[in-house]
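Okay, structure first, notes after.
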Amino acid sequence: MINKYRLKRKAPNFLFGIVRYMVLIGFAYVLVYPFIFIIINALKTSRDWLDPTVQWVPKEVSLTNINLVMGKEMLNYYTSFFSTLRNQIVASVFAFFSCAVIAYGLARFEFTGKKFLCAVMILLILIPDPMLMIARYDNMRHMDFLGILGLVGKVVGKEIRPNIIDKPLVFWLPSLLGTGLKNGLYIYIFMQFFKGLPKELEEAAWIDGAGPWKTFFKIVMPSAGAASVTVLVFAVVWYYNDYYQAQMFLSSKYPISVQLANLSTNLTSLAAQGIRFADGAIILAGSFVTILPLLVFFLVMQKKFVQSIATCGIVG
């Protein structure tokens, strides 16, 4: 005989569980649907793409679209991916370490001008990058620190300010100085985490004879795993996806983000030459091969990333 009291008590929990799983499944579907759509249509042949009866299950699976979009006439994938690694990914690694050092100094040490530097950090977060692009481009075209090289050039009567446009240094230098893409946010994340670390750990290291640098690398950074994973994921994703700076600072060997942004233009040029293909399938194939490295990276890092988000209390 069914216990009516137990049934009455468990029924709300059971119904709540069903609703919760329905919401989670629906949310998962919304997130996964674009990836499934991209992958399936990227693997379709031109005939299946134009066939209205073919929706989710292609009659023939083909890598033709992927091979075409990776070619030199479209994404020039291998060259552009190497350019992304050399320029954006290396810059993201530099930003990771430089922002950690800057944040540690702001979080732990008192010095003249600290409030001013904190204000600059907030401005880096608030001011959109396009507002600084003209000044940044001019600065990179005539690289100078505090106007010293310009004054020396006027004395010797020769332009000695180097032009680093179209060179990897144009991405590396701002990252090393903590003023690159979203670097203000990375400094803020590290700074807030370092403020929460017990000072007793560092004081014990100082008593044992460790200096600030040794303490930073041996004690502080190993203890900042949560913030480190968060900043590393953000930095790699943002630098990888950035095309605005790359399109401005480079004139050749564009990274993959710029190549993808220009894919529609390349397809129009090829179509004008009489080359026939399914434009939509090619664009989806280009999107797939572009996001694939990020998907692999995030799958490797996702467990630690979710843990770090929960630890740092970052949302959004």
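The values are calculated or read from the model by the stated rules, or taken from the named source; none is laboratory data. The shown structure was predicted, so the numbers you read here are calculated from the model rather than taken from an experiment. When we count neighbours, we look across all protein chains shown, and the Cβ atoms used for this are built from the backbone with ideal geometry, even at glycine.
For this structure, a couple of remarks:
- Residue within the range 198-211 that is closer than 26 Å to residue 231 by Cα and modelled with pLDDT of 85 or more present: no
- Here the condition is being outside any helix (DSSP H, G or I) and either without any contact (Cβ under 8 Å) to a residue 40 or more places away in the chain or within 25 Å of the chain's Cα centre (by Cα) (or both); of 34, 12, 52, it holds for 52 alone.
- Pairing each residue of the range 271-294 that is under 10 Å from residue 38 (Cα atoms) and surrounded by fewer than 16 Cβ atoms within 10 Å (Cβ to Cβ) with any residue that is at pLDDT below 80 and among the polar types (S, T, N, Q), provided the two are 6+ apart or on different chains, yields no C-beta distance under 7 Å.
- Test for residue 215: is it assigned to a helix (DSSP H, G or I) and among the β-branched types (Val, Ile, Thr): yes
- Scanning the range 105-118 for residues that are out of contact with any Lys or Arg (no Cβ under 7 Å at 6 or more places or on another chain) and either surrounded by 14 or more Cβ atoms within 10 Å (Cβ to Cβ) or part of a helix (DSSP H, G or I) (or both) turns up 105, 108, 114, 115, 116, 117, 118.
- Condition check for residue 92: small (Gly, Ala, Ser) and either surrounded by fewer than 20 Cβ atoms within 10 Å (Cβ to Cβ) or within 19 Å of residue 294 (Cβ to Cβ) (or both): yes
- All of 102, 127 fail the test of being under 23 Å from residue 213 (Cβ atoms) and either under 25 Å from the mean Cα position of the chain (by Cα) or surrounded by 19 or more Cβ atoms within 10 Å (Cβ to Cβ) (or both), apart from 102.
- Selection from the range 242-267 of residues that are in contact with a helix residue (DSSP H, G or I) (Cβ under 6 Å, 6 or more places away or on another chain), part of a helix (DSSP H, G or I) and surrounded by 18 or more Cβ atoms within 10 Å (Cβ to Cβ): 246, 249, 256, 257, 258, 259, 260, 263, 267
- Long-range neighbours under 7 Å by Cβ, at least six apart or interchain, first residue at pLDDT below 85 within the range 242-255, second assigned to a loop (DSSP other than H, G, I, E, B): 251/166
- Test for residue 68: is it surrounded by fewer than 12 Cβ atoms within 10 Å (Cβ to Cβ) and of a type in the set (A, V, I, L, M): no
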